[in-house]
Structures are given as structure tokens and as C-alpha cells.
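The structure appears right after this line, and notes come after that.
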Amino acid sequence: MSFVPILNANENIQLEVIPKKGIMLHANDLFKIFTGIFILTIAFTVGFTEHIGFLAFGIIILFLMLKAVYNRYNNTNGITYLITNERVLFLKNGNIIKQKEFKNINEINYENSGNDRGYIILGEVEDLFENRGISFEEDICVLDNLTNYKEVSTLLKKLMENKKTAHNTI
């Protein structure tokens, strides 16, 4: 597929990445799963026997958990990550669904799962605990389910280093 029409004038493709389809567990997922099951068990048990408000609360928590799973699956289903010298593009059917420019990235979080697999979060990581509870929100720009983790992480580190060097010389 030709990506030339979506590139800027001085932009060059560094790497095209097609993630493995499916859902990959992230660092905080086991805690979220156990906590979610615990909350749902209490909410539905009390909701069916004592007070209907707990049932509504349980349904809301279940919806938030399922939304997070859907977002995670949707982040790999039919997605192509295109890494250029200026930005990372998230493409679906040849259309840009989101993008992150290197000049707007303050931090990158690398999570290696072993066997050259992992995921990379572009930007700040969503906090596990937000306000007074657990956050079931997903990170916005994640290169998820990578099967060539070492290659992608090495390239991103090099491009971020180039961004810092270019920024210091201007």
C-alpha cells in the first residue's frame, strides 16, 4: 500500500508495523481484573438481595470494564502503525485514525513482555488510581501487541534522541 499521499513534504517512512490481533495484558491489568471482579461480585450480590442501587453501580462498572476491553481489542484489529521521522500514525483501512508527533511527545513508556513482544505507550501513562478509585481508562496512543518489540523500541528511542538533538540546535 502506498502511504505517500498522507505524508508531509519532508517526511520519510521509517517502519511499518502490523500488530498481532487480540488483547495483550498490560502491567496493571491483573490488578484491575481482580478488583473489578471483586466489586462486581459485591455489587450484584447486594444488588439482587438488598438494594437495587448496587445493581446499577455494578452494571456501570461492568460497562467500563467491557469498554476498556473493546478499546484494547480495537487498537489492534485492522490497525497499522506507521512510524515516520516526524510522527507515529495509527492507520485503519489507509485512513489516519490518530497520530502523535514526536515534537509533542514528552515521554515514552516501554513494556517488554519477553520473546520480542510488548507494547509502547506514547505519552503519559494513565494512572491506575484516579481521584478516589481505580481508573479503567485506556492509554490514548499505544503501539499494542508488538511482535517486533526490539526493532520498534530501538527506532523510537533513536527518533526521540534525534528530536532532542534537533531541538537543542535550534
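The values are calculated or read from the model by the stated rules, or taken from the named source; none is laboratory data. Only a predicted model underlies this, so the values are computations on that prediction, with no experimental measurement involved. Glycine also receives a Cβ, built like all others from the backbone with ideal geometry; neighbour counts cover every protein chain displayed. Note: areas computed on protein heavy atoms with side chains; ligands, DNA, RNA excluded. Shrake-Rupley method; radii C 1.70, N 1.55, O 1.52, S 1.80 Å.
List, please: which pairs have Cβ atoms under 9 Å, are six or more places apart or on different chains, and start with a residue in the stretch 31-46 that is within 12 Å of Leu62 (Cα to Cα) and in a helix (DSSP H, G or I) and end with one that is modelled with pLDDT of 80 or more and not hydrophobic (A, V, I, L, M, F, W, C)?
Here the result reads Ile39/Gly58; Leu40/Gly58; Thr41/Gly58; Ala43/Gly58; Phe44/Gly58, each pair linking the stretch 31-46 to a residue that is modelled with pLDDT of 80 or more and not hydrophobic (A, V, I, L, M, F, W, C).
Residues in the stretch 68-83: is at least one at pLDDT below 85 and of a type in the set (A, V, I, L, M)?
Within the stretch 68-83, one or more residues are at pLDDT below 85 and of a type in the set (A, V, I, L, M).
Of the conditions (1) closer than 26 Å to Glu161 by Cα; (2) open to solvent by 50 Å² or more (accessible area, probe 1.4 Å); (3) in contact with a Leu (Cβ under 9 Å, 6 or more places away or on another chain), Ile18 clears all except one; give me its number.
If we test Ile18 against (1) closer than 26 Å to Glu161 by Cα; (2) open to solvent by 50 Å² or more (accessible area, probe 1.4 Å); (3) in contact with a Leu (Cβ under 9 Å, 6 or more places away or on another chain), just (3) comes out false.
How about the stretch 48-66: which of its residues are more than 26 Å from the chain's Cα centre (by Cα) and under 20 Å from Lys32 (Cα atoms)?
Phe54, Leu55, Ala56, Phe57
Based on this model, can you work out whether Leu143 counts as of a type outside the set (Ser, Thr, Tyr), at pLDDT 85 or above and surrounded by 19 or more Cβ atoms within 10 Å (Cβ to Cβ)?
Spelling it out, Leu143 is indeed of a type outside the set (Ser, Thr, Tyr), at pLDDT 85 or above and surrounded by 19 or more Cβ atoms within 10 Å (Cβ to Cβ).
Only residues that are open to solvent by less than 100 Å² (accessible area, probe 1.4 Å) and basic (Lys, Arg): list them for the stretch 21-65, please.
Selection gives Lys32 alone.
Taking the stretch 102-112 on its own, how many of its residues are over 15 Å from Glu124 (Cβ atoms) and exposed (fewer than 14 other Cβ atoms within 10 Å of the Cβ)? Can you show your working first?
Going through the stretch 102-112, the residues over 15 Å from Glu124 (Cβ atoms) turn out to be 102-103, 112.
Right, trim to exposed (fewer than 14 other Cβ atoms within 10 Å of the Cβ) and you get 103.
Result for the stretch 102-112: 1.
For residues in the stretch 66-94 being assigned to a helix (DSSP H, G or I) and either over 24 Å from Asn106 (Cα atoms) or of a type outside the set (S, T, N, Q) (or both), which is most open to solvent (accessible area, probe 1.4 Å)?
Narrowing the stretch 66-94 to residues assigned to a helix (DSSP H, G or I): 66-74.
The next check asks that each one be either over 24 Å from Asn106 (Cα atoms) or of a type outside the set (S, T, N, Q) (or both); those that pass are 66-70, 72-74.
Values: Leu66: 105, Lys67: 81, Ala68: 14, Val69: 71, Tyr70: 135, Arg72: 18, Tyr73: 91, Asn74: 54 Å².
Result: Tyr70.
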